[in-house]
Amino acid sequence: MDGKVQVYINDTDTGVPLACVEAELSNGKSVDEKAVGWVTAVIAGLGLVASAITSGLGHSNTAAHVAANALSLFGYFQAQAIIGMSSVSLPPIVASWTQNFQWSMGIIRVGFLQKMATWYQRSTGGTPTTYLSSLATTSVEVQKRSVDEIHKLATRALGRLTSRTNNAVTNTETQNRVVLRGIERVGFRANIEISNIFFTGYSFFVIFIILVVLGVCLFKVVCEGLVKAGKMKGDKFTDFRNGWMTVLKGILFRIVSRPICDARASANNY
């Protein structure tokens with residue numbers, strides 16, 4: 001579905017490579033689908049919710065196993081996303097597949113959040129990138145390191161061909177050329193400006209923490225209200241109702257410590 005074709009031009013007499021042309025081909029379909037990202041996010045979320053409910057019902061051993069498996073699955077999603085962020089040569093179908101898991105790293109495009117990130121950078125003296133808004137004048141390549149080698153080879157071959165034809169060949173290229181690799185490529189494919197990637201990921205991390213805190217507090221209020229109204233037995237979710245602050249601290253500790261471990265692992269990989 002996603003492929004790449006390379007055409008090499010060699011000297012007939014000496015066999016020396018003169019030029020190389022590379023292009024991506026597609027039949028209009030791709031493994032990069034938003035539905036895949038939504039489904040994987042729902043599966044990971046359902047695992048954590050099931051673990052919380054099971055723990056509240058008093059089945060701590062079962063809840064621990066469910067939580068461990070859910071976190072392992074989420075770690076697998078993040079590992080897939082990190083592979084796509086690495087500046088290594090990947091087939092187009094692999095790069096498209098890893099794009100489905102970038103939500104686990106907070107790479108999610110939201111219109112007003114992108115405007116906020118751009119405004120924040122400009123208001124603090126920064127200069128945001130404009131790759132997405134200047135595609136008419138800038139040629140953006142997302143093909144990894146091998147493009148540099150191909151470009152050098154093609155440039156050298158163009159010089160040879162130009163000298164052989166007494167300057168009959170002229171370069172009419174008027175566009176600026178930018179090559180994006182790794183995290184920058186992932187952000188560009190997600191329609192996020194390069195300078196907004198960190199702001200976007202960090203914002204979703206903070207938003208997730210806020211939602212978790214609100215969810216735990218809301219669940220506590222609902223449980224107490226149901227018990228006082230007599231619609232739920234007093235022995236239900238006893239451990240959670242008595243030690244909900246401890247539970248919340250444990251959840252926040254795991255949420256905060258997880259990105260630190262992922263950042264150290266990513267630094268070691270790079």
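Just need a number here: residues in the range 81-99 that are closer than 18 Å to Asn27 by Cα and touching a residue at least 60 places away in the same chain (Cβ under 8 Å).
Qualifying residue count, the range 81-99: 6.
Looking at Glu224, Glu184, Glu173, Glu193 in this structure, which one is charged (D, E, K, R) and either surrounded by fewer than 10 Cβ atoms within 10 Å (Cβ to Cβ) or modelled with pLDDT under 75 (or both)?
Of Glu224, Glu184, Glu173, Glu193, the one residue that is charged (D, E, K, R) and either surrounded by fewer than 10 Cβ atoms within 10 Å (Cβ to Cβ) or modelled with pLDDT under 75 (or both) is Glu173.
Would you confirm, using the coordinates I've provided, whether Ala68 is without any contact (Cβ under 8 Å) to a residue 12 or more places away in the chain and under 30 Å from Phe219 (Cβ atoms)?
The answer is yes for Ala68.
Quick one: Ser134 ticks every box in (1) free of Cβ contacts under 8 Å to residues at least 60 places away in the same chain; (2) within 12 Å of Thr200 (Cα to Cα); (3) of a type in the set (S, T, N, Q) bar one, so which box is it?
(2)
Just name the residue that is surrounded by the fewest Cβ atoms within 10 Å (Cβ to Cβ) out of those in the range 23-54 that are under 21 Å from Phe208 (Cα atoms) and among the hydroxyl-bearing types (Ser, Thr, Tyr).
Filtering the range 23-54 for residues that are under 21 Å from Phe208 (Cα atoms) and among the hydroxyl-bearing types (Ser, Thr, Tyr), the one surrounded by the fewest Cβ atoms within 10 Å (Cβ to Cβ) comes out as Thr40.
Considering only residues of the range 240-254 that are surrounded by fewer than 15 Cβ atoms within 10 Å (Cβ to Cβ) and at pLDDT 75 or above, which is farthest from Ile53 (Cα to Cα)?
Among residues in the range 240-254 that are surrounded by fewer than 15 Cβ atoms within 10 Å (Cβ to Cβ) and at pLDDT 75 or above, the one farthest from Ile53 (Cα to Cα) is Phe253.
Under 6 Å between Cβ atoms, at least 6 apart or on separate chains: pull out the pairs that start in the range 231-247 with a residue that is more than 18 Å from Ala63 (Cα to Cα) and end on any residue that is at pLDDT 75 or above.
Taking only residues 6 or more apart or on different chains, the pairs are Met232/Leu226; Gly234/Val227.
Exactly one condition in (1) modelled with pLDDT of 50 or more; (2) of a type outside the set (A, V, I, L, M, F, W, C); (3) crowded, with 18+ Cβ neighbours inside 10 Å is false for Thr137; which is it?
Checking Thr137 against (1) modelled with pLDDT of 50 or more; (2) of a type outside the set (A, V, I, L, M, F, W, C); (3) crowded, with 18+ Cβ neighbours inside 10 Å, the one that fails is (3).
For Leu57, all conditions in the list (1) within 30 Å of Trp244 (Cα to Cα); (2) crowded, with 17+ Cβ neighbours inside 10 Å; (3) touching a Phe, Trp or Tyr at 6+ places or on another chain (Cβ under 8 Å); (4) of a type outside the set (Val, Ile, Thr) hold save one; what is the number of the exception?
Against the list (1) within 30 Å of Trp244 (Cα to Cα); (2) crowded, with 17+ Cβ neighbours inside 10 Å; (3) touching a Phe, Trp or Tyr at 6+ places or on another chain (Cβ under 8 Å); (4) of a type outside the set (Val, Ile, Thr), Leu57 comes up short only on (2).
Of all residues being closer than 25 Å to Ile43 by Cβ and surrounded by fewer than 17 Cβ atoms within 10 Å (Cβ to Cβ) in the range 87-102, which is nearest to the chain's Cα centre (by Cα)? Just the residue, please.
Val94
The values are calculated or read from the model by the stated rules, or taken from the named source; none is laboratory data. Keep in mind the model is a prediction, meaning the values are calculated, not measured. A quick note on method: Cβ atoms are made from the backbone with ideal geometry, for glycine too, and the neighbour counts reach across all protein chains shown.
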